[in-house]
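The values are calculated or read from the model by the stated rules, or taken from the named source; none is laboratory data. Predicted model only: the values in this text are computed from it and were never measured. Positions of Cβ are generated from backbone atoms using ideal geometry, with glycine treated the same way; all protein chains shown enter the neighbour counts. Areas reflect the complete protein model, heavy atoms only, side chains present, ligands, DNA and RNA absent. Shrake-Rupley method; radii C 1.70, N 1.55, O 1.52, S 1.80 Å.
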Amino acid sequence: MSYPQLVIDRVAISENAAGIVSRCNKAGIAVAGVTKGVSAQPDLARIMKEAGCVWLADSRLANIRRLREAAVEGPFLLLRIPMPQEIPELFDLADMTLVSMAETIDLLDRHGRDSSREIGTIVMIDLGDLREGFWPDEIEAVAEAYRRAPRVRCCGIGVNFGCFGGVLPTASNLSRLVVIARELERYLGTKMQIFSGGATSSLALLEKGELPEEINQLRIGEAILLGSDVTGNRLIPWLRQDTMTFEAQIVEVRCKPSVPIGIIGADAFGNVPVFEDRGKRLRAIVASGRQDIRPEGLVPQLPGAEILGASSDHLLLDVEDCHPSLKLGDIISFRVDYGAMMAATTSRYVEVKVF
Ligand SMILES: *Cc1c(COP(=O)(O)O)cnc(C)c1O
């Protein structure tokens, strides 16, 4: 066993995925299981598929490659609009990609002609979050791009919320997506198969019965992996939050003053730290830092323990109020948020264990 490690409970993930799939399927919605939050850990991707996710989706081709190499079955959807340089790889690895530029559709078609292959696409529309997406008044130009790109199939339309602007999905902005889809169908003379209505944050609308009935796909990562919805600022009550813990080992325990001694410059990351004088306190150092996790996204599970700060390789905790007292070699475990989960599964210093 080697620390630090991220310990993931396969039963909890499986229950979350199955719960989401069952709710979505009742409303005629297929789930794309999003694996990027765990760097496409193959066991977890397999659990998503077994629970009934129709698609596996990731923002990076390197992650989709990891899944293919582990013999996980697709189909695979690339969630990040592709780089021009990765288009050949995209055709090799993914079945479908999101698009938001007419030039990208042109480039996809060119590669399709050169390699005698086709690729599926979902047209992303920006409904106010201001990350990726065509502007709603560009639909005629979108249709033109598809008309000159016979190797690129227009399979559907999609939208993303809550990523840059923090904009929430609503019945009203999703109805606009449907109206825009109808307009694109008119220009193209074909029907859209996929109406992709967002991510975890769209589950709140599903629960309230406010998703437009045309929406037939959601792309879900956070809710499966953590049972939470950070954009909607809630723990999802019908899902499990006890899906994973980050565990790290104590390398020093000592009573120290709570205010540094000397002239204060800046910490290792250029911030000027501020300290409250609480007298001498028992403090522990665990062998983990910013090369392993996002310290701000950790919550110690040990009552009384409080995170004081972190450098690249050390995490400092106040453990004065922990009983029994901690000692060298003890393991401290933490709950993680999305950012900490992502960092831990990306770091080559963290062992990811799915049990
Ligand atoms: C990350 C991502 C998702 C999944 O988001 P969650 O909030 O984790 O469910 C869906 N769609 C796109 C385009 C993404 O980049």
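Determine, from the Cβ-Cβ distance of R113 and S2 and an R0 of 35 Å, the FRET efficiency 1/(1 + (r/R0)^6), rounded to the nearest 0.05.
Taking R0 as 35 Å, the efficiency between R113 and S2 is 0.10.
Going highest first, how would you order 108-121, 197-210, 2-15 by mean Cβ packing within 10 Å?
Highest to lowest by the protection proxy: 197-210, 2-15, 108-121.
Could you tally the net charge around G28, taking each other residue with its Cβ under 13 Å from the Cβ of G28, Lys/Arg +1 and Asp/Glu -1?
0
Taking the Cα centre of the range 278-341 as origin, sum charge times position over the Cβ atoms of Lys and Arg (+1) and Asp and Glu (-1), and report the length of that vector in debye to the nearest 20.
160
Quick one: length gained pulling E50 to I331 fully straight, 0.36 nm per residue minus the C-alpha distance?
Additional length available on full extension: 97.9 nm.
Label points 7 Å out from Cα along the Cβ direction at D137 and A70: separation in nm?
Each label point is offset 7 Å from its Cα along the Cβ direction, giving 4.6 nm.
Run the reach check for K208 against lysines, Cα to Cα strictly under 28 Å, same-chain hits fewer than 8 apart removed. What comes back?
Within the straight-line limit of under 28 Å, K208 reaches these lysines: K26, K36, K49, K191.
So if I place +1 on the C-beta of Lys and Arg and -1 on the C-beta of Asp and Glu, and nothing else carries charge, what would the dipole magnitude of the chain be about its Cα centre? I want it in debye, nearest 20.
About 440 debye.
Specify which residue in the list F334, I64, L206 is farthest towards the positive end of the charge dipole of the chain, using unit charges on the beta carbon of Lys, Arg (+1) and Asp, Glu (-1), about the Cα centre.
I64
Using the Karplus curve 6.51 cos²θ - 1.76 cosθ + 1.60 with θ = phi - 60°, what ³J(HN,Hα) values do you get for each residue of the range 267-284, in whole Hz, with x for Gly and Pro?
Rounded to whole hertz, the list is 7, 4, 10, x, 8, 8, x, 10, 10, 9, 7, 10, x, 7, 9, 7, 10, 10.
Between the range 19-78 and the range 271-330, how far is it from one alpha carbon centroid to the other, in angstrom?
35
Could you pull the accessible area for W135 with a 1.4 Å probe, rounded to 10 Å²?
It works out to around 120 Å².
Taking the Cα centre of the range 54-144 as the origin, how large is its charge dipole in debye, to the nearest 20, when only Lys and Arg (+1) and Asp and Glu (-1) carry charge on their Cβ atoms?
480
Top mean-square fluctuation among I194, I180, I29, Gaussian network model of the chain, C-alpha springs under 10 Å?
Fluctuation is largest for I180.
For the range 299-307, take each phi angle, set θ = phi - 60°, evaluate the Karplus expression 6.51 cos²θ - 1.76 cosθ + 1.60, and give the result in whole Hz per residue in order, putting x for glycine and proline.
My calculation for the range 299-307 gives 10, x, 8, 7, x, x, 7, 9, 6 Hz in order.
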